[in-house]
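One structure is given here, and the rest of the page talks about it.
The values are calculated or read from the model by the stated rules, or taken from the named source; none is laboratory data. Treat the numbers as computed from the prediction; the structure is a model and nothing was measured. No Cβ is skipped: glycine too gets one built from the backbone with ideal geometry, and neighbour counts run over all protein chains shown. Note: areas computed on protein heavy atoms with side chains; ligands, DNA, RNA excluded. Shrake-Rupley method; radii C 1.70, N 1.55, O 1.52, S 1.80 Å.
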Amino acid sequence: MKRLNHTTRALMFVWAMAGLIFAAYACDGGSSSSSSSSTSSTSSSGGCNSSSSSSSTSSSGGGYDTNSKGPYATTQNLSAGPSRASGLFYPSTGSGPFPILVFGCGAGTNPDSYVDHGNYIASWGFIVMIETSSNSGTELTNAIDWLTTQNRTRTSVLYNKCNLQKIAAGGHSRGSIGTFAIASDSRLTTTIHVAGGSFDGNGSSNLRKPAAYICGADDTMATPNAETDYNRTTVPVFMTVMNGVDHISAAREGLPVICAWMLWQLKGETQRQADFLNAGGYFRTGKYVSKSKNW
């Protein structure tokens, strides 16, 4: 048992170091090929009442539509949430209500490191809350609680804008671990796990709704753990391992997958199902080495 505890602590240390490396890579906003002119703002109320706007400009991804940003301009607030430390990203236009993603950062990082990710996903018509992660995932359920309050608060910019019937939880690295921990929450429609397999192989035991595992072929730490989780998953599940992608870059390279998955699972764009599940589907060809089961 002592040896097991020592090994687990060592793995957690390595995971945290990977998160710190990601922070250095991503916090300049260069973690995605898309561009954004967003700047953060501070709200005196610690919530949604003050923010700044940005225009979503498409990147030159080509091919599949989610390789580029979506049609919505986005607004961000990096002082949102119950502790004024959450990243909030949402469409600047449109009446909604918009489906929701609550997302946990990799270990050693914070929402500042995922600004480009948040704006990218929000540009496809989603409200995104990005949280500094923990293994327990309580920050994700707290984010859902906070968004629920904002949705009924007349002075909030999110008043009646949140589709509380369509909520995804997800995360990168340790954020995925936290997502496994809260995956049984009845408010969730789906979960998304980016480069974050569980350490004990039991992460999937909490899953109740369809799940997506998005990993990198060059990630020798998280991808084998995610493979174990996939093998033990009993709900409908899709897994892709992206060639030429490591632990750090998986969140960036996985953005087209994340957005398309949410458009299918949360917005009901059922035509995208074939892109994930059918032989020759977009996310089963090229750099995507994918599999699925339980559908």
(message) Checking the condition in contact with a helix residue (DSSP H, G or I) (Cβ under 7 Å, 6 or more places away or on another chain), of a type outside the set (Gly, Ala, Ser) and outside any helix (DSSP H, G or I), which residue from Val241, Val235 passes?
(response) Val241
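Yes/no per residue for (1) farther than 24 Å from Val257 by Cβ; (2) modelled with pLDDT of 95 or more:
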{"site": "Thr74", "(1), (2)": "no, yes"}
{"site": "Pro82", "(1), (2)": "yes, no"}
{"site": "Leu88", "(1), (2)": "no, yes"}
{"site": "Pro111", "(1), (2)": "no, yes"}
{"site": "Gly118", "(1), (2)": "no, yes"}
{"site": "Leu147", "(1), (2)": "no, yes"}
{"site": "Arg152", "(1), (2)": "yes, yes"}
(message) Show me the helices (runs of 4 or more DSSP H) entirely contained within the range 90-198 in which 2 or more residues are in contact with a Pro (Cβ under 7 Å, 6 or more places away or on another chain).
(response) 138-151
(request) For the range 154-193, name all the residues that are open to solvent by 20 Å² or more (accessible area, probe 1.4 Å), under 16 Å from Met262 (Cβ atoms) and either of a type in the set (S, T, N, Q) or touching a Lys or Arg at 6+ places or on another chain (Cβ under 6 Å) (or both). (result) Asn163, Gln165, Thr189
(message) So in the range 122-144, with the set limited to residues that are open to solvent by 10 Å² or more (accessible area, probe 1.4 Å) and in contact (Cβ under 8 Å) with a residue 60 or more places away in the chain, which one is farthest from Gly70 (Cα to Cα)?
(response) Asn142
(message) For the range 254-275, give me each residue that is free of Cβ contacts under 8 Å to residues at least 40 places away in the same chain and either open to solvent by less than 70 Å² (accessible area, probe 1.4 Å) or closer than 20 Å to His172 by Cβ (or both).
(response) Trp264, Gly268, Glu269, Arg272, Ala274
(message) Criterion first (open to solvent by 10 Å² or more (accessible area, probe 1.4 Å) and in contact with an Asp or Glu (Cβ under 9 Å, 6 or more places away or on another chain)) does Arg284 satisfy it?
(response) yes
(request) Go through the residues of the range 214-221 one by one and say whether even a single one is free of Cβ contacts under 8 Å to residues at least 60 places away in the same chain, crowded, with 22+ Cβ neighbours inside 10 Å, in contact with a strand residue (DSSP E or B) (Cβ under 8 Å, 6 or more places away or on another chain) and among the aliphatic types (A, V, I, L, M). (result) yes
